[in-house]
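Colleague: First, the structure itself, so that you have it in front of you.
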Amino acid sequence: WTDVLQGILLLSGALLAGIAVIISLGGIDPFFSKVADLDPKQLTMHDPKESKWNPWWILTFCLFASLASIVQPAQWMRFYAAKSSRTLRQSAMIFAIILPSCFLFGVMLVGLVGRAVHPPIDPNLALIASNLPEGLNKPSQIAVFMLSEQLPEMLGGLGIILISVIMVAIMAASMSTADSNLHALGGVLTRDIYDRFINPNASEKKRTLAGRIVIIFATGLALLVVSLGENTPFGKGLLETIMQFFFLAMAFSCQLVPPAIDILYIRKGTRYGAIAGMCTGGIVVLATYIFADKEGIQYLKRIIDLGCLAIIFNVIVFIIVSKITKKVEPSHIESFKRDLN
């Protein structure tokens, strides 16, 4: 129920933010008029030669980042929490339709208004953080800055109430993600390490305690890293490294997608095929990361996401190895089908 409440706050807050900034400009027509006056470069994709933020890279990143997020442990645990397959299908449809709509008609509008109302300090220079007004030079702070500035000024006391609700929604978004990942981490370490290697005969009470200890320790460590990142050069470098590993982890997570699709729908692969494919994909991700300074690798990274590139090799090896290794017993496949149905 905490996730449900946080989700409602997140979605309603996103839509409320979009509506509020449009009202602050005087309505839909003034909003589009302001946006139309922006530099066209701020409303179009970059050329692959100029930046990796170009249509090809963004398309492959969005596609495979979404797949990577679906197969991560925290999401698998949520899937098992559904009371029926019908509920799971309904939640997937709601997630695919409602969440992007709230982003497009909520948060994105806040960013556009921020660009329109607060132009770059020097229009002749590149649109980088140092050339933006204070408050807009950090992507994570744009919505907070815009709403806290615009709403109280335009709506008075009501604006203060609205900004409070939206701030709660922003906190709900971060809390929902954080608690899901913390519970997944606690569950994985408890089941896969504590239960198997440290105390195989532990009672359910001891396992629960071990999971809680992991969650508390991980939360404290995360708070320490964020605090260091805000106040020390070492911490800032550490946060940048963690962000790089975040994208690297998503590329690795993508390699679980081919076996997952085969298990659920195709059922033609083998154990060794899946292992070989995932290892190949992981090696490709690691190689492109290690040799990132090479000219050819840099060109590839500008036109295709690492996860997408690796998954192509993954699928090829998965198919080839599955063709030449022992097939799964038909009785096992039938048993799995019955479980799914």
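The values are calculated or read from the model by the stated rules, or taken from the named source; none is laboratory data. Because the structure is predicted, anything quoted here is derived from the model rather than measured. In this analysis, Cβ positions are derived from the backbone assuming ideal geometry, glycine residues included, and neighbour counts consider all displayed protein chains.
Colleague: Restricting to region 206-241, and then to whatever is part of a helix (DSSP H, G or I) and hydroxyl-bearing (Ser, Thr, Tyr), can you tell me which residue is farthest from LYS138 (Cα to Cα)?
Modeller: THR208
Colleague: Can you list the helices (runs of 4 or more DSSP H) found entirely within region 255-341 that contain at least 3 residues being modelled with pLDDT of 90 or more and closer than 22 Å to PHE245 by Cα?
Modeller: 271-290, 306-324
Colleague: Separate question: Being under 21 Å from the mean Cα position of the chain (by Cα) and either surrounded by 17 or more Cβ atoms within 10 Å (Cβ to Cβ) or basic (Lys, Arg) (or both), is that true of even one residue in region 238-245?
Modeller: Among the residues of region 238-245, not one is under 21 Å from the mean Cα position of the chain (by Cα) and either surrounded by 17 or more Cβ atoms within 10 Å (Cβ to Cβ) or basic (Lys, Arg) (or both), which makes the answer no.
Colleague: Between a first residue in region 296-308 that is free of Cβ contacts under 8 Å to residues at least 40 places away in the same chain and a second residue that is of a type in the set (A, V, I, L, M, F, W, C) and not in a helix (DSSP H, G or I), which pairs have beta carbons less than 9 Å apart while being 6 or more apart in sequence or on different chains?
Modeller: Sorted first by the residue in region 296-308, then by its partner, the pairs are ILE297/PHE291; GLN298/ALA292.
Colleague: Output the qualifying pairs, or none if there are none: Cβ atoms under 7 angstrom, residues six or more apart or on different chains, first residue in region 48-71 and assigned to a loop (DSSP other than H, G, I, E, B), second residue buried (at least 16 other Cβ atoms within 10 Å of the Cβ) and of a type in the set (Ser, Thr, Tyr).
Modeller: From residues that are assigned to a loop (DSSP other than H, G, I, E, B), the pairs are VAL71/SER253.
Colleague: Just to be sure, is ALA276 closer than 30 Å to GLU329 by Cβ, among the small types (Gly, Ala, Ser), touching a residue at least 12 places away in the same chain (Cβ under 8 Å) and surrounded by 18 or more Cβ atoms within 10 Å (Cβ to Cβ)?
Modeller: So ALA276 passes the test.
Colleague: Yes or no: PHE336 surrounded by 12 or more Cβ atoms within 10 Å (Cβ to Cβ) and farther than 24 Å from ALA251 by Cβ?
Modeller: yes
Colleague: So which residues in region 167-183 are β-branched (Val, Ile, Thr) and crowded, with 18+ Cβ neighbours inside 10 Å?
Modeller: ILE170 - this is the single residue of region 167-183 that is β-branched (Val, Ile, Thr) and crowded, with 18+ Cβ neighbours inside 10 Å.
Colleague: List every residue pair whose Cβ atoms sit under 7 Å apart, with the two residues 6 or more apart in sequence or on different chains, where the first one lies in region 228-252 and is more than 15 Å from LEU286 (Cα to Cα) and the second, anywhere, is exposed (fewer than 12 other Cβ atoms within 10 Å of the Cβ) and of a type in the set (A, V, I, L, M, F, W, C).
Modeller: Once the first residue is more than 15 Å from LEU286 (Cα to Cα) and sits in region 228-252, its partners that are exposed (fewer than 12 other Cβ atoms within 10 Å of the Cβ) and of a type in the set (A, V, I, L, M, F, W, C) give LEU228/PHE234.
Colleague: While we're looking at this one, here's another question. List pairs: first residue in region 97-120 and assigned by TED's automatic domain parsing to the domain that holds ALA20, second residue assigned to a helix (DSSP H, G or I) and hydroxyl-bearing (Ser, Thr, Tyr) anywhere in the structure, Cβ distance under 8 angstrom, at least six positions apart or on different chains.
Modeller: VAL113/SER24
Colleague: Separate question: Condition first: among the acidic types (Asp, Glu) and either surrounded by 18 or more Cβ atoms within 10 Å (Cβ to Cβ) or in contact with a His (Cβ under 7 Å, 6 or more places away or on another chain) (or both). Now tell me which residues in region 293-313 satisfy that.
Modeller: ASP305
Colleague: Out of (1) assigned to a helix (DSSP H, G or I); (2) surrounded by fewer than 12 Cβ atoms within 10 Å (Cβ to Cβ); (3) in contact (Cβ under 8 Å) with a residue 60 or more places away in the chain, what's the single condition that is false for PRO123?
Modeller: Exception for PRO123: condition (1).
Colleague: Which members of region 246-261 meet the condition of being closer than 18 Å to ILE320 by Cβ and among the aromatic types (Phe, Trp, Tyr)?
Modeller: none
Colleague: Moving on to the next point. Say whether the condition of being surrounded by 12 or more Cβ atoms within 10 Å (Cβ to Cβ), part of a helix (DSSP H, G or I) and aromatic (Phe, Trp, Tyr) is met by at least one residue in region 193-205.
Modeller: Taking every residue of region 193-205 in turn, at least one turns out to be surrounded by 12 or more Cβ atoms within 10 Å (Cβ to Cβ), part of a helix (DSSP H, G or I) and aromatic (Phe, Trp, Tyr).
Table: residues versus (1) of a type outside the set (Val, Ile, Thr); (2) assigned by TED's automatic domain parsing to the domain that holds ILE333; (3) surrounded by 11 or more Cβ atoms within 10 Å (Cβ to Cβ); (4) more than 22 Å from SER180 (Cβ to Cβ).
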site	(1), (2), (3), (4)
ILE216	no, no, yes, no
GLY220	yes, no, no, no
ALA249	yes, yes, yes, no
LEU256	yes, yes, yes, no
